[in-house]
Amino acid sequence: MSLKLYNTLTRTKEAFEPIDPAHVRMYVCGPTVYDFAHIGNARPVIVFDVLFRLLRHIYGADHVTYVRNITDVDDKINARAMRDFPGVPPVEAIRTLTETTYGQFQADVAALGCLEPSETPRATEHVETMVALIERLIARGYAYEAEGHALFHVPAMPAYGALARRSLDDMIAGARVDVAPYKRDPMDFVLWKPSSADEPGWPSPWGRGRPGWHIECSAMSLATLIEPFGGGFACDDPLKNTFDIHGGGIDLVFPHHENEIAQTCCALGTPQMARVWMHNGFLQVEGEKMSKSLGNFVTIHELLADWPGEVLRFNMLKTHYRQPIDWTVRGMEESWRVLDDWYAATADAGPGTVAPTVVEALSDDLNTPKAVAELHGLRSDPAALAGALRLLGFLADTPAEWAARRPAASVDAAAVERLIQARLAARKARNFAEGDRIRDELAAMGVSLKDGKDSATGEPVTTWEVKR
Ligand code: AMP
Ligand code: ZN
């Protein structure tokens, strides 16, 4: 059974063949950790986790290296670190901030059933490799220094644009090119930029500064997937300077991935940075693009307060990774019901066996909707259902743990009303500690409160609902 993957580079589904038949190398652009990640960010994490699991199943767990980087230097990170840690040296401040935010990210994606990648390099730990890459690009005539910046000169690379396949005008619009006076060409992009004293900065031949976003991924993939496997600056075998799979969300095709390709290919003299480029489609919420102003911006962390991580994971995988997803409460409720049924059906199944039909569906460009249909078909075969669910990253709970995730189906409404009245009385008597205690007691019963005022009398009223 052969693995086929859709390659954005060729716009076709291709049979996958690793460069080294005994070792698959995959790089996925990771999060920019300035705050809690949203549910859209969870999509590439879950999708490429399924691919990681499938590759491990096919090639063996020790024969796959999956790298997902941490972007821990970025203007949003710098701004928040300056706000949260005034007076702390900037490099230390971003480190302190991103240890927390990356910890939150790790906890979120672990709850979503994702394995830890083989390596999770931090951008700030690879600045020397970035500087070396840029020096090499300058030496080879692909980049230049101007006013404390280093820039990649796009016209120096005739193959530029091969991934995005866009016209020059489109690319200029898409890159939101700022026409800086020091640029030789409007398409030229930043490899290195100067930092002010209160911004994080590292020494470089072009002065104290910080890397551009694109060079970070070229450096981290070089350090983790190329150099340890015999490639690098001293190697002139193009195949050794290429790895197998590069992934990320569809929004990264241009300019981020196009620029990664330009940097790596020109610095290492290889026609390809990665053989296969994979991109997940976008997620929107209840029919609309997620945005803070629309109030439909949901973090993974918030969702995990109300929904088991496996429900979110399953809800993600019902849609093929290249299709857009409309993320809805209805979809999550439906996903929870299906998992309830499968947890019950596999309660006594043990580790199970992996059904070839499920592997076959996944091997067809990660056709997870097809795999889910196969799972439904395995409903009466507990061992096969359990094996396939585990392959996909489910069944981390025992049946009892799973059942306990559902709040009690019904609460005693009269008892809730009595407690609410007691709380209102306590608050009226300005005994807020008692009021809070009662609210916590109700929360433990799965009841959440909403305080308001009666529109006619102005008296405080409290409504309640059972949280999931
Ligand atoms: P960022 O932290 O913004 O660099 O994004 C991290 C990853 O999440 C990238 O691979 C993005 O392409 C992906 N991503 C961001 N928003 C969405 C979305 N709404 N749907 C799917 N993927 C997304
Ligand atoms: Zn990247």
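The values are calculated or read from the model by the stated rules, or taken from the named source; none is laboratory data. Everything numeric here is computed off the predicted structure, so don't read it as measured data. Positions of Cβ are generated from backbone atoms using ideal geometry, with glycine treated the same way; all protein chains shown enter the neighbour counts.
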Looking only at segment 230-247, and only at residues there that are more than 22 Å from MET278 (Cα to Cα) and within 28 Å of the chain's Cα centre (by Cα), the one that is surrounded by the fewest Cβ atoms within 10 Å (Cβ to Cβ): GLY232
Condition check for LEU395: surrounded by 17 or more Cβ atoms within 10 Å (Cβ to Cβ), closer than 23 Å to ALA305 by Cβ, at pLDDT 90 or above and touching a Ser or Thr at 6+ places or on another chain (Cβ under 7 Å): yes
Can you tell me which condition ILE39 does not meet? The list is (1) over 13 Å from the mean Cα position of the chain (by Cα); (2) crowded, with 19+ Cβ neighbours inside 10 Å; (3) not polar (S, T, N, Q), and all the others hold. (1)
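Yes/no per residue for (1) outside any helix (DSSP H, G or I); (2) of a type in the set (Ser, Thr, Tyr); (3) within 16 Å of ligand 2 (Cβ to nearest atom):
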residue	(1), (2), (3)
ASP170	no, no, no
VAL179	yes, no, no
ARG184	yes, no, no
MET187	yes, no, no
LEU191	yes, no, yes
TRP206	yes, no, no
GLU216	no, no, yes
Check GLU258 against each of (1) assigned to a strand (DSSP E or B); (2) within 16 Å of ligand 1 (Cβ to nearest atom); (3) among the acidic types (Asp, Glu) and name the one condition it does not meet. (1)
Can you pull out every residue in segment 279-332 that is part of a strand (DSSP E or B) and either closer than 17 Å to ALA371 by Cβ or more than 15 Å from ligand 1 (Cβ to nearest atom) (or both)? ASN280, ILE325
Here's a check for you: in segment 80-106, which residue that is free of Cβ contacts under 8 Å to residues at least 12 places away in the same chain and of a type in the set (Gly, Ala, Ser) is nearest to ligand 2 (Cβ to nearest atom)? GLY103
So which residues in segment 225-254 are over 15 Å from THR270 (Cα atoms) and assigned to a strand (DSSP E or B)? ILE245, HIS246, GLY247, GLY248, GLY249
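With the structure loaded, tell me whether ASN259 is under 24 Å from PRO155 (Cα atoms), buried (at least 22 other Cβ atoms within 10 Å of the Cβ) and within 16 Å of ligand 2 (Cβ to nearest atom) or whether it fails that test.
Against the criterion (under 24 Å from PRO155 (Cα atoms), buried (at least 22 other Cβ atoms within 10 Å of the Cβ) and within 16 Å of ligand 2 (Cβ to nearest atom)), ASN259 qualifies.
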Might you check whether a residue that is more than 16 Å from ligand 2 (Cβ to nearest atom) and assigned by TED's automatic domain parsing to the domain that holds VAL253 occurs anywhere in segment 64-71? yes
